[in-house]
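Asker: Pasting a structure below so you can have a look.
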Amino acid sequence: MTIKGHSVYLLDRKSGNSTESRALAISSRSLELMAVDGLLAPLISEILPIHGMQFFSNGNFLGQANAGGDTEFPHYSLIPQFGTEHIIENQFNKKGGKVHWNTQLVSYVQHSTGVEVVLQTEGEPDTFTVKSSYLVGADGVRSAVRQSTKDWPYDGVPIKKRFTMADVVLTGKDVDSRLMNHLNVFFHHDGPMMIIPYKPFGAESHVKLFRVLREGEDVKVNSSEIMHGFENGSTENILELFKKAITQRVGSLDIQMGEAVWTSNFRISERIVDTYRRGRVFLAGDAAHCHSPAGGQGMNLGLQDAKDLAWKLSLVLSGHSRDPEMLLDSYTLERKPIAEMIMKNASRGFSIAFSDSWIIKTIRNMVIRFMLSFTSIPGSTVQNIQQIYLRIKDSPLHGVSTPGLITVGEFMKNTSPLCRRTVKDTVVSKPLHSILEGNSKFVVLWISTCPIACKPNDLANDFLKKVSNYPNVCPLVVTSAWNTPVEPHRSSESDDIWWKEGSLEDRCITKRVGLDSLIKKTAGVAMIVLRPDLYVAQSMLINTIEDMEKGFNYLNNILNISIQ
């Protein structure tokens, strides 16, 4: 939002970013979104790519499920949470933002035109008031924003087990050959254990640590108490327990535990709010939902909540939304079903992995062995964890979709490189996501590619004249390399609008949007509307001026723009 020029007052009651590793995993979908936001460069040198999952039982290797899939990032990426926070804060500061540390929420009051927020800085006796258009609570499971609003339920249940974790150094000849670049699950009759490699933030590439996670004892639970997250209780004897657990579970593998750099107990609850929005107040991340860490989905849900809400708030604040209430309501309607689906899957996986039943344990191991004998089943399971298949199923922002073209709600995957039609000093060739890096507008793709035997569609100039009336829209015209449009519509930005595509390979934009299957003797045009988060809002096949006008009706309904 700071990139768009909005004033953001960001506060945190802590004194600074955490120095603990905590959440480690960034999914493929989160990386795709962060890349378009310009966050990839500082991230990519710090992450440790994970190639998949390995399973062991009582020291015996069961098999592995490989990561992969149709994405620029066919792996899971591990980086300590404080590293992710540090990178995001640095980018925020570069754009003129500032984090107000040691500052906490006291109370707030909503009005018809804004929110008055009462704050207090640690060590200061007096409070002060900040007036804002909206308030967003991304302040964790014990959210002060949520709890300050009467009757904002956070329904769910606590898990009766306490878990322990340690970030440790592992030694032995099998550490690099068997554990690196995989999430390692060790099933055992005394309970499962996970060993996850990661690279300390800012360290040299050869430095490696391992997150070891094991279940602890059962504890009393109170269904009304929010018990989720890391505990500050005693970790006495935890290192001896971990050494014993590792020795028991790795079997004949040459792996020993060395020093520990961090240890903690933590608890799990499964909870979600009834709505992510109350008037001018919104919730995101753990403030809105919490669940089992199985699959490492929690931080990714929060990052994607923030991305979804930010572009919608920006559109409203800039006055470009035709129906602000509908747009802001769509935040809950889109994000809550995704959270519920991920919570369900994480809960199911957690229950199976940590079951006390010997029957379930036996069946679990048999099923895992059977599934791992195939290649597609385990691969698709890991790719679900990577969030490669994540889509928005229902939304008031969905427009029409021509059968055969990419479906509304799908994420627009990256493409093979497109070549900018205008050549100045050098040939410019970029994939779609690189072309759109830093973009915060709706994007309209006008794809009129076709085989050389077809007569090309010649409506590109009509399209550009029409779309020039939409200042909050980024147009891109893609034609076949052999097709040179006559007298293209010129503007100061036309060099970055016109692109051409060569051969129809698997990742080309023509196939990405499904146009290749609809091309006949006379080529039609795929008019694809992308939201600022690159999910498809509308996909239409255009053959005539009348079709094009219908395509623009979607923008007329969503954006507050007067057609000249």
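Asker: Which listed residue (LEU241, VAL36, LEU11) has the Cα farthest towards the positive end of the charge dipole for the chain, taking +1 on Lys and Arg C-beta and -1 on Asp and Glu C-beta about the Cα centre?
Answerer: It is VAL36.
Asker: Where does the chain land at 222 nm, in deg cm²/dmol rounded to the nearest 500, when only DSSP H runs of n ≥ 4 count, each adding -39500 (n - 2.57), divided by all residues?
Answerer: Working: 13 runs with 150 residues, N = 564.
When only DSSP H runs of four or more count, the value is -8000 deg cm²/dmol.
Asker: Calculate the FRET efficiency for GLN248 and VAL367 from the Cβ-Cβ distance with a Förster distance of 41 Å, rounded to the nearest 0.05.
Answerer: On the way: r = 23 Å, r/R0 = 0.57.
Using R0 = 41 Å, I get an efficiency of 0.95.
Asker: Taking a temperature of 25 °C and a viscosity of 0.890 mPa s, what whole-number D in µm²/s does Stokes-Einstein yield for the stretch 232-372 with Rh from Kirkwood over alpha carbon pairs?
Answerer: On the way: Rh = 18.8 Å.
Answer from the Stokes-Einstein relation: 130 µm²/s.
Asker: Follow-up. Using the Cβ atoms and a cut-off under 10 Å, what net charge is assigned to the surroundings of PHE56, where Lys and Arg are +1 and Asp and Glu are -1? Present the calculation step by step, with values, prior to reporting the outcome.
Answerer: Details: positive: ARG178, ARG249; negative: none.
Net local charge, PHE56 excluded: +2.
Asker: For SER355 and ASN60, compute 0.36 nm times the residue count separating them, minus their Cα-Cα distance, and round to one decimal in nm.
Answerer: 104.3 nm
Asker: Under unit Cβ charges (Lys, Arg +1; Asp, Glu -1), what dipole magnitude, rounded to 20 debye, does the stretch 36-165 have relative to its Cα centre? Don't skip to the answer; put the middle values down first.
Answerer: Details: 10 positive and 13 negative charges, 70 e Å.
Using only the charged Cβ atoms, the result is roughly 340 debye.
Asker: Could I ask something else about it? How high is the relative contact order of the stretch 323-481, in percent, with contacts defined as C-alpha pairs under 8 Å that are six or more residues apart?
Answerer: Details: 109 pairs, mean separation 24.3, N = 159.
So the answer I get is 15 percent.
Asker: Once R0 is set to 45 Å, what does the formula 1/(1 + (r/R0)^6) return for the Cβ-Cβ distance between ASN90 and THR544, expressed as a FRET efficiency to the nearest 0.05? Present the calculation step by step, with values, prior to reporting the outcome.
Answerer: Working: r = 50 Å, r/R0 = 1.11.
The value I calculate is 0.35.
Asker: What order, most packed first, do the peptides 280-287, 251-258 have when packing is the mean number of other Cβ atoms within 10 Å of each residue?
Answerer: On the way: 280-287: 23.5, 251-258: 15.5.
Highest-to-lowest ranking by the protection proxy: 280-287, 251-258.
Asker: Can you put MET341, MET366, MET180, MET527 in order of accessible area, largest first, using a 1.4 Å probe?
Answerer: Values: MET341 75, MET366 125, MET180 25, MET527 0 Å².
Ranked from most to least accessible, the order is MET366, MET341, MET180, MET527.
Asker: Let me ask something else. About the Cα centre of the stretch 147-257, what is the dipole size in debye to 20, counting +1 per Lys and Arg Cβ and -1 per Asp and Glu Cβ, all else neutral? Don't skip to the answer; put the middle values down first.
Answerer: Working: 14 positive and 15 negative charges, 42 e Å.
Magnitude of the dipole: close to 200 debye.
Asker: Where Lys and Arg each count +1 and Asp and Glu each count -1, what net charge lies around GLY349 among other residues with Cβ under 13 Å from its Cβ?
Answerer: Values: positive: LYS344, ARG348, ARG364; negative: GLU270.
In short, +2.
Asker: Which one of LEU105, LEU436, VAL316 is farthest out on the positive end of the charge dipole of the chain, using unit charges on Cβ (Lys, Arg +1; Asp, Glu -1) and the Cα centre as origin?
Answerer: Result: LEU436, furthest along the dipole toward the positive end.
Asker: Could you order LYS199, LYS312, LYS393 so the one with the most accessible surface comes first? Probe is 1.4 Å.
Answerer: Values: LYS199 25, LYS312 0, LYS393 135 Å².
Ranked list, largest accessible area first: LYS393, LYS199, LYS312.
Asker: Same structure again: Take every Cα pair under 8 Å in the chain that's 6+ residues apart, average their separations, divide by the length, and report that relative contact order as a whole percent. Show your work: numbers first, answer last.
Answerer: Numbers: 1079 pairs, mean separation 84.1, N = 564.
Taking the mean separation of contacting Cα pairs over the length of the chain, I get 15 percent.
Asker: Continuing with the same structure: How far apart, in nm, are the 7 Å Cα→Cβ label points at THR407 and LEU239?
Answerer: With each label point 7 Å from Cα toward Cβ, the separation is 5.3 nm.
Asker: Right, another one. For a Förster distance of 45 Å, can you work out the FRET efficiency between the beta-carbons of SER517 and THR275, rounded to the nearest 0.05?
Answerer: Values: r = 40 Å, r/R0 = 0.89.
The pair SER517/THR275 has a calculated efficiency of 0.65.
Asker: Lys/Arg Cβ at +1, Asp/Glu Cβ at -1, dipole of the chain taken about the Cα centre: which of GLY59, SER133, ILE79 is farthest positive-ward?
Answerer: The listed residue farthest towards the positive side: GLY59.
Asker: Give, rounded to the nearest 20 debye, the magnitude of the charge dipole that the chain has about its Cα centre when Lys and Arg contribute +1 at Cβ and Asp and Glu contribute -1 at Cβ. Numbers along the way, then the final one.
Answerer: On the way: 60 positive and 59 negative charges, 146 e Å.
The dipole magnitude comes to about 700 debye.
Asker: Can you list the cysteines of the chain that have no other Cys Cβ under 4.7 Å away?
Answerer: CYS290, CYS419, CYS474, CYS508
Asker: Here's another thing I want to ask about it. Write down the percent of antiparallel bridges among all DSSP beta bridges whose residues are both part of the chain, to the nearest 5.
Answerer: On the way: 78 of 100 bridges.
If I count the DSSP bridges inside the chain, around 80 percent turn out antiparallel.
Asker: Compute the separation of the alpha-carbon centres of the stretch 167-212 and the stretch 405-480 and state it in Å as a whole number.
Answerer: Rounded to whole Å, the Cα centres lie 44 Å apart.
Asker: Let me ask you something else. Can you give me the distance in nm between label points at THR127 and HIS100, each placed 7 Å from the Cα along the Cα-to-Cβ direction?
Answerer: Rounded to a tenth, the inter-label distance reads 1.3 nm.
Asker: Further, regarding this structure: Once you put a point 7 Å from the Cα of GLU20 and another 7 Å from the Cα of GLU259, both along the Cβ direction, what distance in nm separates them?
Answerer: 2.0 nm
Asker: Any chance you could run the full-extension gain for HIS6 through SER395? It's 0.36 nm times the residue separation minus the Cα-Cα distance, nm to one decimal. Intermediate results must be reported in sequence, preceding the final value.
Answerer: Numbers: separation 389, 0.36 × 389 = 140.04 nm, distance 2.58 nm.
Stretched fully, the HIS6-SER395 segment lengthens by 137.5 nm.
The values are calculated or read from the model by the stated rules, or taken from the named source; none is laboratory data. None of these values were measured; they are calculated from a predicted model. Reconstructed Cβ throughout: ideal geometry from the backbone, glycine too, with neighbour counts over all protein chains shown. Surface areas here come from the heavy atoms of the whole protein model, side chains and all, with no ligands, DNA or RNA. Shrake-Rupley method; radii C 1.70, N 1.55, O 1.52, S 1.80 Å.
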